[in-house]
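Structure first, commentary second.
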């Protein structure tokens, strides 16, 4: 990969360059301490990946992420001294479209080797995600969606997201009322080290309580659960949420596909599956299985997606019932919750009629 560096700390730039120079599969595209220069460089020499510290001096780092993702889309990995210390700006950058975050390997730190390996692991994962796409488009699927007969408390809302996901999640959750009863499970591509910070950040935006998913828990009405481990989350035959290591060959853990497919196999009630902003095609095949089982499926539209990868893949596969802008997804969920014994295939017509 051709990797660029945006960091206003000279020592950090030198250390990142040294790490990249030790990897034969990666090369330095360019290096700068200026957000303005980074924006110009992306126009003339777009790299495969940018390692960015958002604490740059000449311009807001979040604004740089937003600008690059809008005009010259490119994977951005936040590399910052302490993700925990700067959690607010980190999650703002993730909301703007950065794909993940990692602590800067500090040469004199006792955790240097661990931080270096974590950085390289994330770079390799991003390389896999940007190069591998297994979606094969089809014109349509022949399926009759089953009626939804469950109470709202039994209608599990399963949300998958990646790049730009935190911002989309914050927007969606902020538009759901405090008395919303359907249980919500979120699979967000993010290192488990930072999930607690994401939960805190989302709780500021959401009227519903947001918590980390505990292995052995059940989906809880009126609560948002966020996957919290560098492992897959699955639904067991007993209706419990569990973490597991397999399959081991997926580029990201947790995988949205793994969770969706376990729901299709084991969840005995109704499901609303949603794919928000994100790079790659994770979740598309699992969403198709859920749709074939009668689930109501929603993909965020291109106009409001920071990265239109995961929703697009599901749409091309024929797995999506409705394509909606982020600000209308909450309204669709509220209509769904208020509907009694509504055929999932008619939800869109009901929703449009009430908007």
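The values are calculated or read from the model by the stated rules, or taken from the named source; none is laboratory data. Since the structure is predicted, the reported quantities are computational estimates derived from the model, not experimental observations. In this analysis, Cβ positions are derived from the backbone assuming ideal geometry, glycine residues included, and neighbour counts consider all displayed protein chains.
Remark: residue 153 matches the filter, which requires a residue to be touching a residue at least 40 places away in the same chain (Cβ under 8 Å), more than 15 Å from the chain's Cα centre (by Cα) and not in a loop (DSSP other than H, G, I, E, B).
Out of the residues in the stretch 259-270 that are more than 19 Å from the chain's Cα centre (by Cα) and touching a residue at least 40 places away in the same chain (Cβ under 8 Å), state the one that is nearest to residue 232 (Cα to Cα).
267
Checking the stated criteria, residue 173 turns out to be over 17 Å from residue 311 (Cβ atoms), surrounded by fewer than 22 Cβ atoms within 10 Å (Cβ to Cβ) and at pLDDT 95 or above.
Every residue, every condition in (1) touching a helix residue (DSSP H, G or I) at 6+ places or on another chain (Cβ under 8 Å); (2) within 23 Å of residue 296 (Cβ to Cβ), yes or no:
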residue	(1), (2)
217	no, no
221	yes, yes
225	no, yes
232	yes, no
250	yes, no
257	yes, yes
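Scanning the stretch 197-231 for residues that are closer than 27 Å to residue 125 by Cα and in contact (Cβ under 8 Å) with a residue 60 or more places away in the chain, we see that the one that is surrounded by the most Cβ atoms within 10 Å (Cβ to Cβ) is 198. The residue of the stretch 30-88 that is surrounded by the most Cβ atoms within 10 Å (Cβ to Cβ), among those that are assigned to a helix (DSSP H, G or I) and either out of contact with any helix residue (DSSP H, G or I) (no Cβ under 8 Å at 6 or more places or on another chain) or in the same structural domain as residue 280 (by TED's automatic domain parsing) (or both), is 41.
For the stretch 178-187, does any single residue satisfy the condition of being outside the structural domain of residue 95 (by TED's automatic domain parsing), closer than 26 Å to residue 66 by Cα and in contact with a strand residue (DSSP E or B) (Cβ under 7 Å, 6 or more places away or on another chain)?
Scanning the stretch 178-187, I find at least one residue that is outside the structural domain of residue 95 (by TED's automatic domain parsing), closer than 26 Å to residue 66 by Cα and in contact with a strand residue (DSSP E or B) (Cβ under 7 Å, 6 or more places away or on another chain), so the answer is yes.
Quick check, is residue 208 closer than 20 Å to residue 333 by Cβ and part of a helix (DSSP H, G or I)?
When the stated conditions are applied, residue 208 does not pass them.
The residues in the stretch 113-152 that are at pLDDT 70 or above and in contact with a helix residue (DSSP H, G or I) (Cβ under 9 Å, 6 or more places away or on another chain) can be counted, and the count is 6. Scanning the stretch 57-75 for residues that are in contact (Cβ under 8 Å) with a residue 60 or more places away in the chain and touching a strand residue (DSSP E or B) at 6+ places or on another chain (Cβ under 7 Å) yields a single hit, 75. Within this structure, residue 293 passes the test of being farther than 18 Å from residue 129 by Cβ and either surrounded by fewer than 24 Cβ atoms within 10 Å (Cβ to Cβ) or without any contact (Cβ under 8 Å) to a residue 12 or more places away in the chain (or both). Among the residues of the stretch 245-258, some residue qualifies, meaning at least one is touching a strand residue (DSSP E or B) at 6+ places or on another chain (Cβ under 9 Å), buried (at least 24 other Cβ atoms within 10 Å of the Cβ), over 18 Å from residue 318 (Cβ atoms) and in contact (Cβ under 8 Å) with a residue 12 or more places away in the chain.
To keep it simple, each residue is scored yes or no on (1) over 27 Å from residue 111 (Cα atoms); (2) under 18 Å from the mean Cα position of the chain (by Cα).
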{"site": "2", "(1), (2)": "no, no"}
{"site": "11", "(1), (2)": "no, no"}
{"site": "36", "(1), (2)": "yes, no"}
{"site": "73", "(1), (2)": "yes, yes"}
{"site": "90", "(1), (2)": "no, yes"}
